[in-house]
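This report refers to the structure that appears directly beneath it.
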Amino acid sequence: MSTAKSEVKRVTVHTLKNMKKKGEKISMLTAYDFSLASVIDAAGIDIILVGDSASNVMAGHETTLPITLDHMIYHAQSVIRGVKRALVVVDLPFGTYQGNSLKALDSAIRIMKESGAHAVKLEGGEEIAESIKRILSAGIPVMGHLGLTPQSIYKFGTYKVRAKEDEEANKLLQDAMLLDDIGCFGVVLEKIPALLSKEVSESIGMPTIGIGGGPHCDGQVLVLHDVIGLTKEFNPRFLRRYLNLYEDIKAATERYINDVKSGDFPNENEQY
Ligand code: KIV
């Protein structure tokens with residue numbers, strides 16, 4: 001048996017709690033495959049989310065609803081193979097946890113056992129509390145997700161900012177406090193007013209991770225394919241793009257096609 005220890009200090013749910021206590025911001029990005037997960041892990045990202053946004057980004061669906069548990073496990077297995085340091089969180093997809101806490105536990109256990117991931121994320125508050133409690137009772141760390149919850153898109157009707165009115169804002173605050181009380185290790189706050197994120201972040205002990213939630217969250221998350229400019233049509237106000245890979249890859253492909261067609265590739269150094 002090998003006794004060699006890895007040099008890398010892994011991010012755990014306790015690391016994140018301490019980061020909030022110290023006021024150190026938490027960085028989180030999505031990844032769905034080995035190659036990109038390895039790159040962002042090497043760069044030092046704290047949390048990698050195997051998001052059900054894979055349904056849009058990887059599979060081309062309009063919503064996150066069609067992706068299955070088997071698909072999520074496949075993506076999570078690929079990501080885990082590329083990660084040495086980050087905490088890997090996997091979304092429970094639509095239809096695998098709502099309204100049935102035993103099914104929720106079963107889904108979470110499959111993700112943990114079959115992928116080797118470190119935690120799961122579920123969308124919703126009080127209405128899914130039983131499912132969250134049951135998953136937590138099995139020792140599986142749970143992250144919540146409040147505000148714009150894309151699995152409920154047909155209930156909302158649009159992807160506009162949530163919780164602008166008092167009633168929805170109060171429910172969100174109550175839900176965040178409930179998730180904190182029952183033992184979630186963090187919560188994503190998606191597309192809600194910055195001042196509400198501030199109030200939530202100051203009212204709970206677990207870290208808040210914003211996406212369109214403003215600067216007062218304890219951390220920030222974005223979809224990696226948006227950050228590196230692989231997606232082209234998606235331009236919400238909260239998004240900051242750091243690369244324009246769609247155009248770069250297209251230009252590189254055009255040059256390659258040109259080189260093949262003209263006979264320039266392969267040249268004498270590119271053959272045996
Ligand atoms: O699936 C996803 O990518 C997410 C993020 C938007 C937080 O849930």
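Rounded to 0.05, the FRET efficiency of the GLU233 and THR68 pair, given R0 = 30 Å and the Cβ-Cβ distance, is 0.75. Protection proxy ranking, highest mean first, for peptides 258-266, 150-158: 150-158, 258-266, where packing is the per-residue count of other beta-carbon atoms within 10 Å, averaged. Between LEU178 and LYS17, full extension at 0.36 nm per residue minus the direct alpha carbon distance yields a gain of 56.3 nm.
Distance between the pseudo-spin-label points of MET58 and GLU254 (7 Å out from Cα toward the beta carbon): 3.0 nm. Highest mean first, the peptides 74-81, 13-20 sorted by other C-beta atoms within 10 Å per residue fall in the order 74-81, 13-20. Only lysine pairs 8 or more places apart, or on different chains, with alpha-carbon atoms under 26 angstrom apart are counted in segment 1-118, and they number 19.
With the simple model of a label 7 Å out from the Cα in the direction of the Cβ, ASP106 to TYR272 spans 5.1 nm. Applying 1/(1 + (r/R0)^6) with r as the Cβ-Cβ distance of GLU168 and TYR242 and R0 = 35 angstrom yields a FRET efficiency of 0.60. The slack between ARG10 and ALA194, meaning 0.36 nm per residue of separation minus the straight C-alpha distance, is 63.2 nm. From least to most packed, judged by other beta carbons within 10 angstrom and beginning with the fewest, ARG241, ARG255 follow the order ARG255, ARG241.
Read-outs throughout are calculated quantities, based only on the coordinates presented, and are distinct from any laboratory measurement. Because the structure is a prediction, the values reported are computed rather than measured. All Cβ positions, glycine included, derive from the backbone under ideal geometry; neighbour counts span all protein chains shown.
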